[in-house]
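In what follows, a single structure is set out as structure tokens and then discussed.
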Amino acid sequence: MIKAKQKPIAEIKTLIAPYRNILILGCGTCVTISFAGGEKEVGMLASSLRIAAAMDKNAQLFTEATVQRQCEWEFIDAIADQIQKADAVISLACGIGVQALAERYPDKVILPGVNTTFLGMAIEHGVMVERCRACGDCILGLTGGVCPIARCAKNLLNGPCGGSQRGKCEVNPETDCAWQLIYDRLGKLGQLDRLSSLMTYKDWSKDYDGGPRKIVREDLKL
Amino acid sequence: MTSEKRDLAPPTVEPLPPCAATCPAHTDVRGYVQAIARGDFEEAYRIAREPNPIPYICGKVCAHPCEDQCRRKDVDEPIAICALKRFATEKHDPRLGHAPRLTQAEPREEKVAIVGSGPGGLTAAHDLARMGYKVTVFEAYPRLGGTMQVGIPLYRLPRETIDLEIAPLKELGIEFVTNVRIADVDGLLSDGYRSVFIAVGSHVGAKLRLPNAELPDVWLNTEFLRRVALGEKIDLSHRNVLVLGGGNVAIDVARTAVRLGAAQVSMSFLESDETMPAHPWEIEEAKEEGILMYPSRTFKECVLDEGKLAGVKCIKVDFRGFKPDGALDIDEFVDTEHILAADLIIFSIGQGPDLSFLPKDGSIAQTKRRAIQVDPVTLATTKPGVFAGGDAVTRVGFIIDAVAAGHRAARSIDAYLRGVDPRTVQPDESEKLGAIQEKTISHIRKLEREPLPKTDAATRRATFDEVEHGYTETQAVRAALRCLTCGAGATVDTDKCIACLTCVRVCPFEVPGLERGTANVPVEQCQACGLCATECPAKAITMKLYSDDDMIQDIKRAIKRAKSDSEPAIVGFACRYCAYSGEEPKVVQARFPKNVKVIDVLCSGKVDSLYLLKAFEYGADAVFVAGCIVGECHNDKGNVHAGQRVAYVKKILDELGLNGARLEMFNTAPGECTSVVEDVIRLAAKVKELGSSPVPYPSRAGRSN
Amino acid sequence: MKVSSNLERILTSGQFAATGELGPPKSAEAEVIHRKAALLKGYVDAVNITDNQTAIVRMSSISVATMLLGIGIEPTIQMTCRDRNRLAIQADLLGASALGIKNLLCLTGDHQKFGNHPTARGVYDLDSIQLVAMVKALRDEKKFANGEAIDTVEPRFFIGAAENPFADPFDYRPYRLAKKVAAGADFVQTQLIYNVPKFKEFMKRVVDLGVHEKCSILAGVGPIKSIGMARYMQNSVPGMDVPEDIIARLKGVPKEQVRKEGIKQCADIIREMREIPGVHGVHVMAIEWEEAVAEILELSGLLPRPRV
């Protein structure tokens, strides 16, 4: 799922400085699960910004709403009135939701309230980790189910670099070395021989290097 | 539905916690116990009073079947529900009225006669009077209260307590006629009473047909208790008293005999020690008072020695109860015949109603067991307009059963008089919450039941003064805090739930799960700790007993009260389980500076991060959360969550330039309430140095958003 | 002979090689390069020119290598995958070859986080093994990475790779080295070695795999300047294994003699390296201490350098 983190309040204050009526709009799916932009976080941010406005003696007014998914026209159309009444909307959705709003409401100022951070999961409550880079060309079948693109700081495809120590990554000692994990997994699967063959250059054109990506299912089009 | 009916309706939360479901009057036990836990004693009284016009009496002598069903018994011991009801009545300010929020309808013309002023009669009279009827209560004895007046010994129920309940009934306009034994029910109907409720109780004791049982020194329980209750001076000094029977009344008889100076009081009965029908606590107290128990005996003869009563001839038995046909299932042991010595024998083997006043034509039918025959739903007798309830119908029951019968009769009579089928006005039987699962029980903190203060046995042998005494405030709150809040936990709004699993992960009691793609918090398992509701990122979980809006109103009020001085306003959230550490909250709070106002919570884990921010938004200059020390939380880790939230909100405050130092978490160890007082004083001093919050009060945000 | 560089000739002739290292300046100053080069000239068979070492911006490896060619020192350029994609790397290699550079060390590169531009985007289009394979294909198959043929002159390099015997998983390291060799590495320079017993174990496994017969292995060595530096390497440099006895030896001498002792210790390690089967030479990394190189090699008995 998409994981996001709320922006620092100072940055949000700067973004909204020119506006008076501000709608704080949450999204009820991924960002809710990542504790960044659900109804609860909308309430917390609204309260924080009201405090900030009161401290700065400015006359900003904040309203709150949360839709099920900001990345669907139908859901954001359902609160069109609230959006229209606002001078600016702080979207606590991922970048997709922010852009959906901007596209649907061309004359409305739409501002991001979170930093969309990665695709991942919670390995324990409150601890979310990256698991997928959406590179467009999955190699997990070759790497024992551990992704070296998302989980190796250098995207290595042919084994761990010299910084792998005691199973951890040199870039962050709290991060597992993806290649140590791959080595251990393939060992358990009896497939260590896979690590001897050269994995050739990756086709990055399927990643963002190929330009904005698009999936079209002709069979589904209306 | 008229307002008075709504007032009198049983609580509506379904399914009911076992305490309320078991209570024949469906008293919202959880409601008043929780109110005591919160320190809202008047609210506790109001809740306890609502379904029960005699709460003072019930607080002292209710048989409290609710406690037998209390789910806390599966963890350690049941909540001391009865004692807490007593506490609520003792805390109640009588100037607020006996029934603070109950209303009385416009007077109606119809007259209703109530025969008997026991708990059933009083309750029916109360309800009907509130519905506007003209009610007359006829009482055969000189004093009102029925069994409560002429049966229950004084050491259990001082008569002033009865007076406390009767006086307000008179204020409702109920007419009480004492010393009148109704002999003619039909006469009442022809006298203009449109309906009659027979609640004559069960005042006729019974003897076994033994040789010599008619001697003057062989007495009956009911007569004996009545004579004592009505003030007759009976001197039993130098008497050796043997009470035959092992029920609660037998215990009353025996303990009364002790107080009348008997040299020795013994009890003998069919049942074994283990199966003796009296309540265990009654047996315990009787034994403390020196009463000897001779269980597992059947009686053959009252024996004489030189013309005087010398005892009872007994045979030891194995009594296994009653067979389906009503006969005793019993074996006598051979060669066990012996005599229990006594010069006064009092039979207490049961009692029944005096039905001699019923019309001779049989128009009010009786059952085979010599009780009045009624429709169990409506309590209608076989004579139209005449209803009956209480012991006159059941032969033997608890006071609270009679109260429930009184309500039922009142509803039926009201319906009857309005021309409505009485069957349609009685509530459906309420569903009862199931048991708590093992794994959840294993996470529930065990807490000792608070014993009720009692006069020591030696002292009480010589007096009819009350044996039991009420809880102090501290004891009562501690006793109430043991309540598991059954059935009032979390509710999931499945439209908002996105199955993020937060509740599943944070619940200390392993309760929530997923069902059809959304979270499910089984009502019978939830311990109402509130952690899932505070942590839910989708705000899909609410608690039955309080809402975010309630809390925010509390916060606003607290700030307003704290702000009344020119000092900075400090708002605290204090966990009632620990922050006061056994002290009375108001005593501890009195030691706080005046500009500190506290919102009590049942576990600091219920303090949402949002509440902390809101307090600052609405103009608080500082906020604190007082919880237990780590490892001592009632809900496992509620205090740890609270601490983490405080740390998180402190960062937000720093980011806002409001200074995170204005928010503090205090953890109080058991027995160290001075530490929270010191912490709060220190915070107050620090805030004074920091000065007022830069958020103006009343905040513009608070007004307009 | 693949490219007939001095280094390749030394190794092919079966002699024990000694290479050095020169770190380019964090400036456009040419003078410092001349000064450092003078300290190395004649004492080593080739000099590695690092490529934005530890992700700190420095003068480019190819530029400095070109200057060394002018001075008469054989350079080994280093190329990391961190800063360039496959286009940039191939372009630079075409140019380097044209300028007469013959040795190339292929590296993934230290992560940008550790350098002075930690917010820079890391490229990592290729990893070091893919880089080795690409360079080999350029040289031996005259093909670009996309398979397109090089019509005229192909870039020719004596291809080097690095390996850290002390990184984890230890058991996999010899196989990874074998994989690099299979991809086309002609020589390998290892991470700095202080834990000699562990290195011996590594080499035993390498020899068992026969890797030493397909490529030349140069053990990385370097003198320790101070006890502080030793501790830093011990605790803070990922993939470094500095055993306590190494530090103890330096602690055993008066403070003013630590440098001297460090040089001696390095020479002693080199002597041990010469005895390890499968080790074909040493790569001396005297970081910002080029003065020490001559003395170390002298003490190790590796001077004068052979001419082949």
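Just so it is clear, none of the values below were taken in a lab; they were calculated from the coordinates. None of these values were measured; they are calculated from a predicted model. Methodologically, a virtual Cβ is constructed for each residue, glycine included, from the backbone with ideal geometry; neighbour enumeration extends over all protein chains shown.
Give the aspartates and glutamates whose C-alpha is closer than 12 Å to that of residue C:198, dropping any in the same chain fewer than 8 places away, or say none.
C:171, C:241
With an 8 Å Cα cut-off and a minimum separation of 6 or more residues, compute the relative contact order for the stretch B:363-429 in percent.
Worked out over the stretch B:363-429, it gives 26 percent.
Estimate the FRET efficiency between residue C:13 and residue A:222 by the formula 1/(1 + (r/R0)^6), using the beta-carbon distance for r and 45 Å for R0, to the nearest 0.05.
0.05
List the aspartates and glutamates whose alpha-carbon lies under 15 Å from that of residue B:233, not counting same-chain residues fewer than 8 positions away?
B:223
As a test of the definition: which semi-axes, in Å, follow for the stretch B:507-638 when you take the square root of five times each eigenvalue of its alpha carbon gyration tensor? Largest first, please.
30, 18, 10
Where in the stretch B:284-324 is the amide nitrogen less than 19 Å from a point lying 7 Å along the Cα-to-Cβ axis of residue B:331?
Flagged as within label range: B:295-299, B:315-324.
Neighbour counts of other C-beta atoms within 10 Å: give me C:102, B:650 arranged from fewest to most.
Result, fewest neighbours first: B:650, C:102.
Once every DSSP H run of n ≥ 4 in chain B is given -39500 (n - 2.57) and the sum is divided by its residues, what mean residue ellipticity at 222 nm do you get, rounded to the nearest 500 deg cm²/dmol?
The helix-only estimate for chain B comes to -9500 deg cm²/dmol at 222 nm.
Give the order of B:584, A:170 when sorted by the count of other beta carbons within 10 angstrom, beginning with the fewest.
Fewest-to-most Cβ neighbours within 10 Å comes out as B:584, A:170.
Which is the longest part of chain A that has none of the trypsin sites (Lys or Arg not before Pro) sitting in a DSSP loop with at most 14 other Cβ atoms within 10 Å?
A:58-165
Quick check: pseudo-label points 7 Å beyond the Cα along Cα→Cβ at residue A:72 and residue B:435, how many nm apart are they?
That separation, rounded to one decimal, is 4.4 nm.
Report, in deg cm²/dmol and to the nearest 500, the calculated mean residue ellipticity at 222 nm for chain A, where each DSSP H run with n ≥ 4 adds -39500 (n - 2.57) and the sum is divided by the residue count.
For chain A, the value works out to -8000 deg cm²/dmol.
Show me the ranking of peptides B:150-156, B:454-460, B:232-238 by mean Cβ neighbours inside 10 Å, starting with the highest.
B:150-156, B:454-460, B:232-238
State, to one decimal in nm, how far the label point of residue B:360 lies from the label point of residue C:298, with both points 7 Å from Cα in the Cβ direction.
14.6
In peptide C:167-180, how many Cβ atoms from other protein chains are near each Cβ within 10 Å, on average?
Going residue by residue through C:167-180 and averaging, the value is 6.
Hey, what did chain B get for relative contact order, percent, Cα under 8 Å, at least 6 apart?
12
Give, rounded to the nearest 20 debye, the magnitude of the charge dipole that chain C has about its Cα centre when Lys and Arg contribute +1 at Cβ and Asp and Glu contribute -1 at Cβ.
80
Between residue B:178 and residue B:154, what is the FRET efficiency for a Förster distance of 22 Å, r being their Cβ-Cβ separation, to the nearest 0.05?
E between residue B:178 and residue B:154, to the nearest 0.05, is 0.70.
Using 7 Å Cα-to-Cβ label points, what is the residue A:142/residue B:238 separation (nm, one decimal)?
Placing both labels 7 Å beyond Cα along the Cβ direction yields 11.3 nm.
Taking a cut-off of 25 Å between Cα atoms, list the lysines near residue A:154, but don't count ones fewer than 8 places away on the same chain.
Answer for residue A:154, where 25 Å is the Cα cut-off: A:3, A:5, A:168, A:188, A:202, A:206, C:26, C:113, C:136, C:179, C:180, listed by chain and number.
If R₀ is 41 angstrom, what is the calculated FRET efficiency for the pair residue B:373 and residue B:217, using the beta carbon separation as r and rounding to 0.05?
With a Förster radius of 41 Å, E is 0.65.
Please state the shape class of chain C: rounded when a/c is under 1.5, otherwise prolate if a/b exceeds b/c and oblate if not, all from the C-alpha gyration tensor.
rounded
For the stretch A:74-205, what is the convex hull (Cα atoms) projected area averaged across all directions, in square nanometres?
11.4
Where the only charges are on Cβ atoms (+1 Lys, Arg; -1 Asp, Glu), what is the dipole of chain B about its Cα centre, to the nearest 20 debye?
The calculation lands at about 1680 debye.
Pairs of lysines 8 or more apart, or on different chains, with alpha carbons under 14 Å: count those in the stretch B:511-635, would you?
So the count works out to 11.
Determine the relative contact order of the stretch B:263-303: mean sequence separation of Cα pairs under 8 Å and six or more apart, normalised by residue count, in whole percent.
For the stretch B:263-303, the relative contact order is 59 percent.
Using packing as a proxy for protection, rank B:555-562, C:132-139 so that the peptide with the highest average count of other Cβ atoms within 10 Å comes first.
Those peptides, ordered most packed to least, come out C:132-139, B:555-562.
In whole Å, how far is the Cα centre of the stretch B:305-366 from that of the stretch B:188-256?
The distance from the Cα centre of the stretch B:305-366 to that of the stretch B:188-256 comes to 14 Å.
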